[in-house]
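Structure first, then comments.
The values are calculated or read from the model by the stated rules, or taken from the named source; none is laboratory data. Every value quoted in this text rests on a predicted model; they were computed, and no experiment measured them. Cβ: placed from backbone, ideal geometry, glycine included. Neighbour counts: every protein chain shown. Keep in mind that these areas ignore ligands, DNA and RNA; they rest on the heavy atoms of the full protein, side chains included. Shrake-Rupley method; radii C 1.70, N 1.55, O 1.52, S 1.80 Å.
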Amino acid sequence: MTTFADRTAATSSPSPAAPAATADFIALDEQWSTHNYHPLPVVIAGGEGATVTDVEGTTYLDFLSGYSALNFGHRHPDLIAAATEQLERVTLTSRAFHHDRFGLFCRELAELTGTEMVLPMNSGAEAVESAIKVARKWAHRVKGVPDGQARIVVASDNFHGRTTTIVSFSTDEDARADFGPFTPGFDVVPYGDADALAAAITDHTAAVLVEPVQGEAGVVVPPAGYLPEVRRLCDEAGALLIADEIQSGLCRTGTVLALEHEGVRADLYTLGKALGGGIVPVSAVVGRRDVLGVLQPGEHGSTFGGNPLACAVGRAVVRLLSTGEFARRATTLGEHLHTRLAGLVGHGVSAVRGRGLWAGVDIAPGGPTGRQASEELRARGVLCKETHGSTLRIAPPLVITEAELDRGIDAIEAVVGA
Ligand SMILES: Cc1ncc(COP(=O)(O)O)c(C=O)c1O
């Protein structure tokens, strides 16, 4: 019988000398990692502020920010200092014990978001999973929905992560095909359609789960008035409103929470990405005490959730967000971005959407594909990524300067402008 060690010996040559060129690194990735991504052909070896540098020494503007995980740019000094200090103390305890950063992080995050309780997790998908579990338990124990019959209404074109339960209610066939059987209990309605939502809500509805701005769908902002109506319908039906602010939250749109633009409060929010400062995965569900309070010891958890390093970095993130500087930057730079992008509509661009320093740019028919445009932008020193074939997603770090922003927009204009 061949053992794993035999197979490894047969397939791996002795470790080669560190490859120097981009192609060598990409070949390594291709051979040794699963092919569940299609990255642009750039191999990043360093990052600072709004720029990254590749293994060949070429510097690029980062116009994606790790899908908003790098709102503070690469290696923000305050975040690096907080992480470094914590690395010298203690990094992991598990939740079997208390540690001296945990409660402070939870309190400060709750204060920043105007909420009452925090459930720390790691990835965004874990936060969404956690919110689903909490909403179901709340419905069964508090709302009085018969056990196992709680339902959650979600929107079409949603993106909430990649777990089996989450892809169960995705409307993207690539995300679902071959991954069933799926988790039941979800009702999908068109995003932005309050009448469809009203028709879908029943006595068994535990929650409505919605992105205030749909990032992966192409930075789609719902019609004005939709989110307040979602709130009203939830109140009317005694259902929870869960806002997935993993991408839209933490100042990307110019406010700590994107729902603030519509004057709406959710019962639960999922946060992630920027909460880890681009250093460690940190996510959380934050919200009402009477809802999150349904969880009892042993019912839910995570070995790494709320670890000391995550909490130290998370506290530094909250401190940065509390200054108001990043919200201001997202607002003013966002206005500049959208004014300039609006000028491209009709000139190689068919539509632009977004809020704050965040935009989806639809390339007009006849222009390059989104992938071609992203590759062309890379060649011009700007990194961003396409979605849905012909849309470019723009989300520069909030530390970017106006001059850098203009340089990136000039490149976009040169690549897609007509
Ligand atoms: C709105 C939203 N929710 C959840 C997720 C999943 O986060 P993660 O990739 O950290 O699991 C994402 C990731 O893009 C997202 O944009």
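Computed values, structure above
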item	result
Amide proton proximity set for ALA351, modelled H, under 5 Å, gap of 5+	ASP362
Sequence-distant residues sharing a close amide H with THR171 (under 5 Å, placed H)	ASP157, ASN158
Region 69-83 and region 185-244: distance between their alpha carbon centers, rounded to Å	34 Å
Förster-model FRET efficiency, 45 Å R0, LEU28 and THR202, C-beta, rounded to 0.05	0.30
Efficiency of FRET from Cβ geometry, GLN372 and GLU88, R₀ 35 Å, rounded to 0.05	0.15
Cα lying deepest toward the dipole's positive end in the chain, options SER350, SER156, SER123, charges on Cβ	SER123
Region 150-161 - phi-based ³J(HN,Hα) in whole Hz, Karplus 6.51/-1.76/1.60, Gly and Pro as x	5, 10, 10, 8, 10, 9, 5, 6, 5, 9, 10, x
The chain - mean residue ellipticity at 222 nm from DSSP helices (-39,500 (n - 2.57) per run, n ≥ 4, rounded to 500)	-10500 deg cm²/dmol
Label-to-label distance, nm, for residues given as ARG95 and ILE44 (7 Å Cα→Cβ offset)	3.0 nm
Karplus-derived 3J(HN,Hα), 6.51/-1.76/1.60, for each residue of region 275-291, Hz, glycine and proline x	4, x, x, x, 10, 9, x, 9, 9, 6, 9, 10, x, 6, 5, 6, 9
Under the Karplus curve 6.51 cos²θ - 1.76 cosθ + 1.60, θ = phi - 60°, whole-Hz ³J(HN,Hα) for region 237-249, x wherever Gly or Pro sits	9, x, 10, 7, 9, 10, 9, 8, 10, 4, 9, 7, x
Probe 1.4 Å, all protein chains present, accessible-area order of ILE246, ILE279, largest first	ILE279, ILE246
Nearest-20 debye value, the chain charge dipole, Cβ charges on Lys, Arg, Asp, Glu	860 debye
Global form of region 303-371, assessed from the alpha-carbon gyration tensor, a/c cut-off 1.5	oblate
17 Å Cα-Cα reach of LYS143 towards lysines, excluding residues that sit fewer than 8 places from it in its own chain	LYS133
Where labels lie 7 Å past Cα in the beta-carbon direction, separation of THR164 and ARG289 in nm	3.7 nm
